[in-house]
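*Asks:* The structure follows.
The numbers here are math on the coordinates, done by the rules we state, and not lab data. Computed from a predicted model, the values in this text were never measured in an experiment. FYI the Cβ positions are ideal-geometry reconstructions off the backbone, even for glycines, and counts take in every protein chain you see.
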Amino acid sequence: MFALFAQANATIALSWWSVGVAATLILVNAVISWRLKLGLEKRIVWAALRMTVQLFLLGLVLHQIFALANALPVLLLAGAMTVIAGYSAVRRIDHRYDRIYPSAIFAVWVSSWLVTAVTVLLIVRPQPWHSPHVLIPLLGMVLGNSLTGISLGMDRFLSDLQSRRDEVEMRLTLGATRWEACREVFVASARTAMIPILNTMSVAGIVSIPGMMTGQLLAGAPPIQAVKYQIMIMFVIAAAIALGVMLALGQAFYRVTTTQHQIDWSQIRKAS
Amino acid sequence: MPDRLIEICELTRLIPGTDQALLDQLNLTVQSGDRIGLAGASGSGKTTLMRAIAALDPVSSGKLVFQGDPVCDMPQYRRRVIYLHQRPAMMAGTVRQNLQLPFTLTACKTTFDESRLTDWFEGLGKPASILDQDVATLSGGEQQIVALLRAIQLDPAVLLLDEPTASLDAEAVQQFEQLVGHWMAGATERAFVWTSHDSAQLERVTGRRVIIANGKVSQPSVTT
């Protein structure tokens with residue numbers, strides 16, 4: 001017990017042997033799937049392998065980039081992460097429209113980069129500003145949450161337009177503008193996208209110790225310092241989600257409606 | 001000489017992503033006093049044409065003229081030329097809230113007149129308390145009557161009635177026809193286009209027949 005406390009201010013290095021021991025825990029999932037005939041064995045193995053390889057590659061890339069004192073590779077990595085986040089957001093959406101990928105990538109890009117830039121340049125202020133050990137994890141957290149908000153919002157917007165088609169059109173037939181016809185669906189979608197982060201904020205520190213704080217504590221940071229970082233990242237993420245969702249829904253709205261106050265139903269289709 | 005309310009010139013609508021025409025350089029004139037029965041086989045494009053008159057779908061080419069001027073303010077136009085769906089679309093809430101809905105829109109410059117609606121309901125043998133009823137508790141026929149009242153309280157020039165009584169019982173059909181007749185008699189500058197699979201109904205309520213086939217209409221401008 002005392003030994004644990006004594007080590008509290010330093011990172012405990014993990015050997016590959018220890019990681020291997022942790023990997024055997026996946027057998028719990030595999031055995032449950034096998035005994036209950038869940039049919040998930042292949043997916044469990046595939047997910048475990050993907051996760052391991054992806055994170056290992058990320059580690060290698062970060063190792064290289066951290067060693068360089070140059071902004072360009074950091075920005076290139078950040079750009080690649082952003083495009084992948086936009087792409088992943090669309091992959092989670094059941095209903096789509098033409099050119100939804102550029103829409104989602106644009107929304108993720110603008111919202112995440114703007115909010116991360118404010119955080120890095122005005123709040124955290126690392127020297128130099130492009131310090132990858134600050135920029136990359138921050139952007140990663142913002143992107144992960146922003147893409148979830150954007151996919152939830154866009155999916156709700158497009159599927160609700162379809163399911164509430166009669167009601168939306170009824171408004172148009174009575175003289176509604178396209179905004180008046182879609183407003184309720186738009187608002188419901190924005191709420192759907194924003195509620196998860198508000199829920200997370202409400203229970204932060206009660207139900208679980210949030211990710212960034214966990215990382216900082218494991219890395220040996222004093223708890224109050226870890227708390228400050230966690231509070232900051234929560235506000236940053238909430239702002240990025242709000243901005244990203246508005247940008248994504250705005251684009252979706254303009255894409256599926258026309259200047260003649262029509263809904264172009266041929267634009268909306270189920271993902272194949 | 002009756003006034004021309006709506007002129008559709010060379011209207012073409014293609015199936016999105018194809019060269020196949022749903023409406024093919026179609027011309028149609030709706031004049032004041034017109035009671036048009038739009039007929040055609042299933043899938044011939046009756047609903048597509050009705051929706052085109054209401055400008056509800058993007059078209060490939062063509063011109064839409066209302067009372068002599070090309071239509072540019074679509075919400076204002078749709079307030080004057082109202083399309084009624086076969087299935088009445090209601091928003092969740094009371095009958096009153098549904099009837100008040102058009103007056104919450106920026107295109108509507110008039111105010112909600114409850115006494116006028118109460119008179120209409122009483123004329124149909126329904127108590128004024130129906131206004132406070134949840135629309136979800138109404139029958140399909142009653143909902144369609146509410147949808148019609150929601151439209152005609154705006155004093156439109158043209159009603160586009162797309163199989164409006166297809167799933168209604170005989171009493172609701174009679175009430176619906178009575179209301180449309182009452183609305184038509186209210187002013188001279190009015191007309192309607194009505195589609196129905198019930199040829200007896202078309203005989204009963206309409207004055208002239210327009211037939212649609214292969215994306216074109218025949219007898220587009222003959223009035224009776």
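*Asks:* What average number of partner chain Cβ atoms lie no more than 10 Å from the Cβ of the residues making up B:105-111?
*Replies:* So the per-residue partner count for this stretch is 3.
*Asks:* Work out, step by step, the length gained on full extension between A:Asp98 and A:Val21: first 0.36 nm times the residue separation, then minus their alpha carbon distance; give nm to one decimal.
*Replies:* Residue separation times 0.36 nm, minus the Cα-Cα distance, leaves 23.1 nm.
*Asks:* Can you give the Rg/Rh ratio of the range B:1-141, where Rg is from the C-alpha atoms and Rh is the Kirkwood radius?
*Replies:* Rg/Rh: 1.03.
*Asks:* Here's something else I'd like to know. Over the range B:113-224, what is the percentage of antiparallel beta bridges among all DSSP beta bridges, to the nearest 5?
*Replies:* So the antiparallel bridges amount to about 40 percent of the total.
*Asks:* Take peptides B:15-28, B:50-63, A:107-120 and line them up by average Cβ neighbours within 10 Å, highest first, as a rough protection proxy.
*Replies:* So the peptides B:15-28, B:50-63, A:107-120, ranked by packing, come out A:107-120, B:50-63, B:15-28.
*Asks:* Stick to the Cα atoms of the range B:43-119, pair each with every other, and give me the Kirkwood hydrodynamic radius in Å at one decimal.
*Replies:* 14.8
*Asks:* Please compute the average number of Cβ atoms from other chains found within 10 Å of each residue's Cβ in peptide B:87-96.
*Replies:* 2
*Asks:* Taking loop as defined by DSSP and a crowding limit of 13 other beta carbons within 10 Å, which trypsin sites (Lys or Arg not before Pro) in the range B:116-219 fit?
*Replies:* Answer in residue order: no site qualifies.
*Asks:* Let me ask something else. As a test, work out the antiparallel percent of DSSP beta bridges whose residues both lie in the protein assembly as shown, rounded to the nearest 5.
*Replies:* So the antiparallel bridges in the protein assembly as shown amount to around 55 percent.
*Asks:* Using label points projected 7 Å from each Cα along Cα→Cβ, tell me how many nm separate B:Thr104 and A:Asn199, to one decimal.
*Replies:* So the label points at B:Thr104 and A:Asn199 sit 2.7 nm apart.
*Asks:* Grab the alpha carbons of the range A:1-67, take their convex hull, and tell me the volume per residue in Å³.
*Replies:* Cα-based convex hull of the range A:1-67, divided per residue, equals 121 Å³.
*Asks:* Where the centre of each part is set by its Cα atoms, how far does the range A:47-91 sit from the range A:209-267, in angstrom?
*Replies:* The distance from the Cα centre of the range A:47-91 to that of the range A:209-267 comes to 19 Å.
*Asks:* Only helical DSSP H runs with n ≥ 4 go in: add -39500 (n - 2.57) per run for the protein assembly as shown, normalise by residue count and round the 222 nm mean residue ellipticity to 500 deg cm²/dmol.
*Replies:* It lands at -17500 deg cm²/dmol.
*Asks:* Cα to Cα, under 18 Å, and not fewer than 8 places away if on the same chain: which lysines meet these conditions relative to B:Lys63?
*Replies:* B:Lys216
*Asks:* Then there is this: Rg (Å, one decimal) plus Dmax (Å, integer) for the alpha carbons of chain A?
*Replies:* Just the Cα atoms of chain A yield Rg and Dmax of 22.1, 74 Å.
*Asks:* Cα convex hull of the protein assembly as shown: mean projected area in nm², to one decimal?
*Replies:* Its average projected convex-hull area is 32.4 nm².
*Asks:* If the reach is capped at under 20 angstrom between alpha carbons, list the lysines near A:Lys270, excluding any in the same chain fewer than eight residues apart.
*Replies:* Correct list for A:Lys270: empty, as no lysines qualify.
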